[in-house]
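Note sheet for the following structure.
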Amino acid sequence: MAETPFKFYCDECGQKISVREKQYGMKSNCPNCKVAITVPVPEGADSIALEETPVELTSARETFILCAVLMLGALVAGVYVVM
């Protein structure tokens, strides 16, 4: 059964952020405004924060751009990318 993501909003810019249960209570940065945030823990859930360093919550746009750049670099280098 797939885990239902928990959604909350950045207090600074209002960006909607979706996280998994294992990220509850962790320190991170807003993917939009980069302000330091602590992922809230929903009522009745346990915090699993083990790391003290921020975890970057990468947006889908940033992931797409990174993949496109890597694939373009591989094509330029003559490496074939198969998906």
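The values are calculated or read from the model by the stated rules, or taken from the named source; none is laboratory data. On a predicted model such as this, the values are computed, not experimentally measured, just so you know. Here Cβ is always computed from backbone atoms with ideal geometry, including for glycine, and neighbour counts include all displayed protein chains.
What do you reckon, is Thr58 at pLDDT below 85 and under 14 Å from the mean Cα position of the chain (by Cα)? Yes; evaluated as a whole, the condition is true for this residue.
When restricted to residues that are modelled with pLDDT of 85 or more, in contact with a Gly (Cβ under 8 Å, 6 or more places away or on another chain) and exposed (fewer than 14 other Cβ atoms within 10 Å of the Cβ), segment 21-55 contains 1. The set of residues from segment 1-45 being of a type in the set (Ser, Thr, Tyr) and part of a loop (DSSP other than H, G, I, E, B) comprises Thr4, Tyr24.
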